[in-house]
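Just below is one structure, and these are the notes that go with it.
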Amino acid sequence: MRWLRLIVVLLLLVPASHAVAVQPDEILKDPAQEARARVLSKQLRCMVCQNQSIDDSDAPLARDLRILVRERLQAGDSNSQVLDFLVQRYGEFVLLQPRLHWRTALLWLAPLILLIGGGLILFLIARRRGGTSATDMAAPQGGVLTADEERRLAGLIKPEDR
Amino acid sequence: MTPEIGHYALVLAFAIGIIQGCVPLYGAQRNDPVLMAAAVPTAVAQFVFIGISFTALTVAYVGSDFSVVNVFENSHSLKPLIYKISGVWGNHEGSMLLWVLILALFGALVAVFGGNLPLSLKANVLAVQSWIAVAFILFILVTSNPFLRLVPAPAEGRDLNPLLQDPGLAIHPPLLYVGYVGLSISFSFAIAALIEGRIDAAWARWVRPWTLLAWIFLTLGISMGSYWAYYTLGWGGWWFWDPVENASFMPWLIATALLHSAVVMEKRNALKIWTILLAIVAFSLSLIGTFLVRSGVLTSVHAFATDPTRGVFILALLVLFIGGALALFAWRAPLLKQGGLFAPVSREGALVLNNLLLVTACMTVFVGTLYPLALEAITGEKISVGAPFFNATFGPLFLLLLLAVPFGPLLAWKRGDLPGVAQRLMAAAAVALVTMVGTFAILGAGPVLAPLAIGIAMFVILGAITDFAERTAVAKVPLGTSFRRAVGLPRSAWGTMFAHLGLGITLLGIVGETQFGAEQIAEMKPGQTISISGYDFQFDGLTTQQGPNYRDQVARFTVREGGDVVGILEPSKRTFPSRSTTRTEAALMGRGFSQLYLSLGDLSPAGTLAVRVYHKPLVLLIWLGTIVMVIGGTLSLTDRRLRVGAPKPARGKPAMQPAE
C-alpha cells in the first residue's frame, strides 16, 4: 500500500516551492570536481536572493549557476577561470568576496588600518604616559623641556584650573 | 474600543515622556531636588502607559480582531495562541512598539532600583532615556501606527509569514530587543555624565550592571537567533554574516568592549573618556541596526519592512541622537579628568588590547556591512560582501583576541609580569599545543586553520581553568582551603572564568562544525538507505498530517549506528494554505555534543525524495558556549558590589581577591 500513499502524497504536493539547495541530479560523478564545485558555489552570490550563496539558495537562478559552474569545471577550467567566467558574465556583484581593486581597497585594508592605526595611537599614548610615570620615579633625563613638551604640559595643567 | 485605548495610551506615554525629558533635566541644572524627583514617577508612568498600549495590541491579536489593519495583515484566526501573541512583534509596527516598551522598561527599572544613584545623575539619565523614547514613540505614531482600523473588517487575516511561526520567533526578538535596547541605559548614563561634566569610578560601578544585563540578553538573543536559523532555514547554517545578524553582532562586540573598559575605570579610574565613547557607540550601533533592519535599505533574509518614509524618519533620529551624542562628547569630554597610570604590560594594558581588537573586529563588520551600500551610492557599482569576506577578515582578528584572552585575568593591575604569567599558562599552552599537533597529524595535509583554531580553543578553555586554579591555589594548599577560597572569590571573578570558558567552548563547536562536518545529498525511494559518518539512514516512507493552520508531509527515517537503531528522524515539508507557501522542517538528533541533521528537498515525479543529511560534530557546543558565557555574566551581575540597587558595603572590609 505504500505506493498508493505515495501517489496520494504526490497529488497533494502541488506547489513544491521550497527545496534544499544542491539537488541530487546536479552532483558530479567525480568527487574531487564536486568538492571544488561546492567550494566555488559558496563564494558565488545568488543574484536574485538576499545575501545567499548559490550553494545555500534554492532559487532557479542559483540552480542554473550551480550547473554552469559544474559545466565549466567539467570542461577543465581552473577555479579562478570559473570565477573569471562568471564575473565576466554577471559582474563583480556575483562574488561574495570582492576582489582587491582600488574601489575595494578601503574595504580590505580597513581592518589592517584600524589595527595598526589603533595600535600606533596606543603606543604613542603609552610612551607619553610611560614618560610621565618615569619622571615620578626617577630624575628627568634632560633639564629643559622641549616646545612640544611645554605645550603638552600646558594642556595637562589647564583642565585642573577650570 | 481596545485598539483606541492602546493608541490613546501611547499618545499619553509620549506626553509624559516630554515631561520626563525636560523637567528633571531643568531640575538638575537648577539643583532643585523636587524637579529632579519628577523623573521617577514619570518614568514609571511612561512604562505603564506603553505597557497598556502593548497589551491592547496583544488583546487585538489574541482575539483576532481583523478590523485592525496590523492584525489583519499578520494574523490568522486558526493560528495557535503562542503565534498569535508572538505575531504582535513579528511585524514592523508591533516590533517597534516592543522596542519602546523595553526602552521604557529600562527607564522604569533605573527609576525604581536606582536608589543608590546621586539624584542629579539619576534625573539626567532618565531624561536622556526619555528623549529616546519620545523620538521613537513619535516615529510609531507618525509612520508606523499599529492601531489603524480597517473598514469593513475582513473575515479572515492574511496570516504570519510561515518562517516566523516558530517557537524561536516567540523568544528570539524579545531577548534580542532587551539586549539591543538595554544598551540605551549605558548611553543615557554616558550622556548624563557628559552633561554633568563629572565622571568617576562610581559611575562605572553604576553603569556596569546595566550594561551587563543588556549584554546577557544580547548574547542570549543572538545565540537563540542563530539556533533558530540553524534549524528552520533547512541547510544547517548557523551564521550567515547577514546584515541583520551583523546589526545585532556589532553592538554585542562593543558592549563586550565596554564591559571590559568599565572594569578598568572602576578599578583604576582610567580609560574614562574611552569608556564614555564606547557607551555612546554601543547604543549608536543599536540604532544603526534598527535603521538597517527597519528602513529596508538592506534587502536581506530577515527584511520585512520596506517603506522610504520610515527610513528617512529613522535616519533623521539617527543623525539627531548619534550626531548629538558625539558632538556633546567632543565638546565635554576634554573636561573630564584623566585617571590612573599603568604600564603597557598590566591588567589594564591587556584590557586595552582587548578593546583594540574588539573595536577593530566590530569596525571590520561595520565596514563590510555598509561598504556595498556606500559604493553603490557613490559610484553606482554593485559589489557583494558576504560570508567569505567576513571569515577572511574577522576570523583572524578574533583568533588573535582569543589568543590573548587567557593572559588578561592573570596579569596584575598597574604593572604585570608577562614572563611570570606565561610560565603559569605553560601547562595550558602545552596541552593546547599537543592537541593542535595531534589534530594536524590526524588530519594530515588538511586546512591549517582547523588545528590552529582547535589549539586556540583549548588554550582559552584551559586558560580559564588555570585562572581558577591560580586563584584557589589548588594543589598548593590543602583542598579545604582551596574550597574556601573558591567560595570566597568575588562573583565577578567567577563571571570572568565562565565567560572566557564559554568563549573557548563556542570556538571549539565552530571548528568542529565547519571543519569536520559531513554532508550527503541523495534521491531516495522508500526502503533505501544512505550512510554518513558511520550512521545509516533508512527511508521508511511518507505520511501526511494536518496541523492547525498547515499541512505536514512527514518523511520517516530509521537511524542506525553499527546496525543498532539509535532513533527515528521525521523531517517534513509544511504547507501553509493561507499564504500558499511551503517550509522545510528539518529533523535533528543529538549524539553527545554532535548532531545529525536531516532536511527534505522535492519529491520527483518518479517518486523519489531529495534528501540532505548532515553530520555536525560538536555543533551544540556553539550554543552551549554562549549559555556558559551568559552564566558568567549572570554570576558577575550578582556580585555584591554591582548588585542593582545594593547599598555601598557598610563593613568596609575589602574583598580578598582582585575582582573583574
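Quick rundown of the values:
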| read-out | value |
| --- | --- |
| Dipole in debye (nearest 20) - the range B:518-616, about Cα centre, beta carbon charges: Lys, Arg +1; Asp, Glu -1 | 340 debye |
| Residue (of B:ILE137, B:ALA15, B:MET36) at the positive-pole extreme of the range B:1-163, dipole from beta-carbon charges | B:MET36 |
| Gap separating the Cα centres of the range B:498-519 and the range B:1-72, nearest whole Å | 44 Å |
| Residues with amide H under 5 Å from that of B:THR544, placed H, sequence gap 5 or more | B:VAL554 |
| Label-to-label distance, nm, for residues given as B:LEU433 and B:ARG30 (7 Å Cα→Cβ offset) | 7.0 nm |
| CD proxy at 222 nm, helix term only [per DSSP H run n ≥ 4: -39500 (n - 2.57); per residue of chain B; nearest 500] | -21000 deg cm²/dmol |
| Whole-number percent relative contact order across the range A:16-94, with pairs defined as alpha carbons under 8 Å at least 6 apart | 30 percent |
| Paramagnetic label zone (point 7 Å from Cα along Cα-to-C-beta, B:LEU400; backbone N under 19 Å) in the range B:351-380 | B:351-369 |
| P(r) of the range A:16-94 over all Cα-Cα pairs, binned every 5 Å from zero, in whole percent | 3, 17, 30, 26, 16, 6, 1, 0 |
| Dipole in debye (nearest 20) - the protein assembly as shown, about Cα centre, beta carbon charges: Lys, Arg +1; Asp, Glu -1 | 2160 debye |
| Where labels lie 7 Å past Cα in the beta-carbon direction, separation of A:ASN79 and A:LEU120 in nm | 3.4 nm |
| Magnitude of the charge dipole, chain B, Cβ model with Lys/Arg +1 and Asp/Glu -1, debye to 20 | 2260 debye |
| Set of the range B:53-68 residues, backbone N closer than 11 Å to the point 7 Å along the Cα-Cβ line of B:ARG149 | B:67-68 |
| Pair A:LEU100, A:LEU112: separation of 7 Å Cα→Cβ label points (nm) | 0.6 nm |
| Relative frequency of Cα-Cα separations exceeding 39 Å in the protein assembly as shown, percent | 45 percent |
| Stretchable slack from B:ILE627 to B:MET426, in nm (0.36 nm times residue separation minus alpha-carbon distance) | 69.6 nm |
| Residue (of B:ALA316, B:LEU81, B:PHE468) at the positive-pole extreme of the protein assembly as shown, dipole from beta-carbon charges | B:PHE468 |
| The range B:1-163: radius of gyration and largest Cα-Cα distance (Dmax), Å | 17.7, 58 |
| Listed residues B:GLY420, B:ALA374, B:CYS362: farthest to the positive end of the dipole of the range B:328-429 (Cβ charges) | B:GLY420 |
| At R0 = 22 Å, FRET efficiency that the Cβ-Cβ distance of A:VAL48 and A:GLN88 yields, to 0.05 | 0.70 |
| In Hz, Karplus ³J(HN,Hα) per residue of the range B:63-77 (6.51, -1.76, 1.60; θ = phi - 60°; x = Gly, Pro) | x, 6, 7, 7, 6, 8, 3, 4, 5, 4, 6, 10, 9, 8, 5 |
| Sorted by Cβ density within 10 Å, fewest first, the residues B:TYR614, B:TYR8 | B:TYR8, B:TYR614 |
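Readers should treat all values here as calculations from the given coordinates under stated rules, not as data from a laboratory. Quantities reported herein were computed from a predicted structural model and do not represent experimental measurements. Note that we place each Cβ from the backbone using ideal geometry, even for glycine, and neighbour counts take in every protein chain shown.
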